[in-house]
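The values are calculated or read from the model by the stated rules, or taken from the named source; none is laboratory data. Just so it is clear, the model here is predicted, and its values are computed rather than measured. Note that each Cβ is placed from the backbone with ideal geometry, even for glycine, and that neighbours are counted across all protein chains shown. What goes into the accessible areas is simple: the full protein's heavy atoms, side chains included, and nothing from ligands, DNA or RNA. Shrake-Rupley method; radii C 1.70, N 1.55, O 1.52, S 1.80 Å.
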Amino acid sequence: MIRRRNGSVALIGWLVSVAIAIAAGLITPASDLSFVLIGPIFTTVGAALAWRRPENVVGWLLELFGFLVALIGFTQTYALRGLVDAPDSLPAATTAAWLSVWVFVLLFGVVCSIFLLFPNGRLPSPRWRVVLWAQWVLVAVFLVGAAFFDDTLGFFPGYHNPYLIVPLPSLAGLTPSLMLPNLAAALSLVLRARRARGDERQQLKWVGYAVALFTLSFVGGASLNGLVAFGLLEPNTLASDAFGVVAFGSFLGVPLAIAVAVLRYRLYDIDVLINRTLVYAALSATLAATYFAAVVVLQAALRPLTGGSEVAVALSTLSVVALFAPLRRRIQGAVDRRFYRSRYDAQRTFDAFGVRLRDEVDLDSVRADLLEVVHETLRPAHAGVWLREARR
């Protein structure tokens, strides 16, 4: 009965989130709804976890996060249509803008709670309770301030707070302080991953992997925009859109990683994903740097002869293609040496054993050498070699 009731609550939350997204789609074109669509996706993952693991508060927090994101997307879309695109076309548009401002503050508390309570719904230790309480106290202060004591409406400059009680100095300049407990909570994931063993270590790896991907994509997009803003790089709509798509996808990877970690992580080897990500990220960055450097150098060298850049681009492309395989092997070896040392040492041991085996003819020596290799690489409790006697 309890399981059925929890499942019903989770389903209702999912339906409300989807209904909000559909309602927003009726107001504005679907191309503007990336922020709104995040809500139903988070809510879907949260509902699945809440139904399968109702005792784990992480699923409910994910569903709450998805609902809040959908609500913010809807209220901002509603306010944008009723205040900017078609003024006075929708009732209570100013109230919708006001609602989107202070509901946004709640996201900081929910994210901090998810990081601290993952994966089992309990704090890592009692001392982390200070971080959780600090985050929610800050959230309460900013929420009350934005709702009743700030005359601005965040994303809608020029419009005034319809529920203002007493105008006080805006807290917008102190907004970064809301991130401090979140950073501490994210740090707790790293610390726990280093100390954890067994199942919990694998679960923390999944979430750490997803958060790292999102952070890298976000930093990459911000760096690209910064270079454009300072005039160091020409605006490139395709590159900006690509980073936007990657950031959007990696952000959605966070709830999916949480779901896999809680429900199905045993089916997948996260170490393989991390290894491949490190290798191909380093390979892509190296090849991209090589390509652009080769284009610049070859253009300068060939300009007196060709007067154009087509030859430089063609030669740079051929050089990148030729470097792909050897660079991949070298980077793979470097990653294995740095992050997967035991695997790297085991491979070297097996390679050396193969070389010795070519010249070895004594069966007892081969057996002793084989047992030594197995003990050195696999470290079993017991090992033996069984040989079948030849029939006479």
Any chance you could look up the accessible area of Phe115 with a 1.4 Å probe, heavy atoms only, rounded to 10 Å²? 30 Å²
Take Glu63, Glu372, Glu55 and sort them by solvent-accessible surface of the protein heavy atoms, 1.4 Å probe, largest at the top. Glu55, Glu372, Glu63
Quick check: the distance between the Cα centres of segment 136-173 and segment 181-197, to the nearest angstrom? 32 Å
Distance between modelled label sites at Ile22 and Val9, nm, 7 Å Cα→Cβ extension: 2.5 nm
With +1 at each Lys and Arg Cβ and -1 at each Asp and Glu Cβ, the charge dipole magnitude of segment 114-205 around its Cα centre, to the nearest 20 debye, comes out at 840 debye
Tyr78 - accessible surface, heavy atoms, 1.4 Å probe, Å² rounded to 10: 40 Å²
